[in-house]
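What follows is calculated from the coordinates using simple rules that are stated; it is not laboratory data. What you see is a predicted model, and the numbers here were worked out from it, not measured in a lab. Note that each Cβ is placed from the backbone with ideal geometry, even for glycine, and that neighbours are counted across all protein chains shown.
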Amino acid sequence: MQPVTGQGEASGDGIVFHLRGVRYVYPNKQVALDGIDLDVRRGEQVALLGANGSGKSTLLKLLDGIIAPSDGTMTALGADVAAVAAGVDAFRFHREVGLVFQDPDVQLFSASVFDDVAFGPLQLGLGRDEVRARCDAALAEMEIGHLADRAPFELSGGEKKRAAIASVLSLHPSVVLLDEPTASLDPRTKWVLVNLVRRLGAANRTIVTATHELDIVPIIADRVVVLGEERRVLADGSPRDVLVDRDLLIRANLIHEHLHEHGGERHSHPHEAGPDHHHGDNPGVRHHDVVPASPAG
C-alpha cells in the first residue's frame with residue numbers, strides 16, 4: 001500500500017470530490033490541513049480515519065462547501081468549492097451533499113423530530129404530500145418513525161444522531177458526510193448506528209465517514225483514507241490493508257505501543273489510542289487487528 005495522490009483525474013467519469021494541494025488555515029493561523037490530494041468517486045463508502053486533531057472535521061466541512069480552501073484547488077460535483085462557500089449555487093449544492101455534524105444538537109432545533117426532518121424539504125418548496133413522504137421515508141430508514149412527534153431534547157444520544165441523519169436524508173442527497181457518528185454512544189447503540197450507516201451506502205450513495213474508531217471501519221467502508229498528525233494523507237487503501245499496517249497506525253496515532261513486563265522481560269503490544277483505551281489484562285483492551293463479527297441489531 002502506497003500513499004495516494006488521487007484515484008483519478010477531475011475530468012474522469014464519476015469523480016465527486018477532487019482535491020489537489022488543498023490547505024486550510026484558520027484565522028488564528030492554525031494549520032488544519034496541509035496539502036491534501038484526494039479524489040472520491042461516486043458510490044464509494046470511504047472511512048476518513050485519523051486521530052483527534054488530524055483535520056477530519058475540517059476536511060468534511062470543505063467537502064460540504066461550508067468553508068473554502070486557503071490554498072490549492074478543489075471541486076465537488078464539478079463545482080468550485082470556493083464559489084459554493086461564497087454562496088454561488090449553494091442551495092442546489094446542499095441538496096446533493098449533506099453533512100451530519102458530530103454534535104446532533106447543531107441540526108435539531110425544532111419542536112419535534114418530524115419538524116426537523118421536514119425543514120429541508122419545506123425549504124425546497126415541495127408540496128405537503130411530498131414533504132410527508134420524504135420525512136416518512138427518512139425516519140423509516142433510520143428506524144425512528146415512532147419518535148416523529150417527540151421533542152429532540154427528550155431523545156437519547158443515539159436517537160438524536162439518527163434524527164440528525166434523517167434530517168439530511170429527507171433532502172435525497174447523493175452524498176452523505178458523517179462526522180464521528182458513533183462518538184459517545186454506548187456499545188449497543190453504537191452498533192445499531194453502524195449497521196444503519198452501512199445500509200446508507202446500499203442505495204448507491206457516496207458516504208464519507210470521519211472516525212478514529214478502528215473497529216467500525218470494516219463494516220462501514222470499502223476504502224480507508226488515513227490522515228496523519230501532519231494533517232496530510234498518509235495512506236489510502238482497503239480496510240484490510242490499512243488495519244493490518246501496524247507501523248502506519250502507530251504513525252497516525254491511532255494505536256500506540258504499550259509496554260508490559262512478564263517475568264522480567266519487556267513486551268510491547270499495540271493498543272487503540274484514545275479515551276476508550278484500558279490498561280493491563282482488562283477484557284476491555286482492544287487490539288487494532290481484531291475485526292468484530294457482524295454486529296447484531
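Observations on the model:
- Amide H within-cut-off set for Leu178, under 5 Å, with H built and near neighbours excluded: Val100, Val208, Thr209, Ala210
- Here the residues Asp39, Asp129, Asp136, ranked from fewest to most Cβ neighbours within 10 Å of their Cβ, fall in the order Asp129, Asp136, Asp39.
- The chymotrypsin sites (Phe, Trp or Tyr not before Pro) found in the stretch 100-204 that occupy coil by DSSP, while having at most 15 further C-beta atoms within 10 Å, are Phe109.
- Given Lys56/Lys161; Lys29/Lys161; Lys29/Lys56, the pairs whose alpha carbons are separated by over 28 Å: Lys29/Lys161
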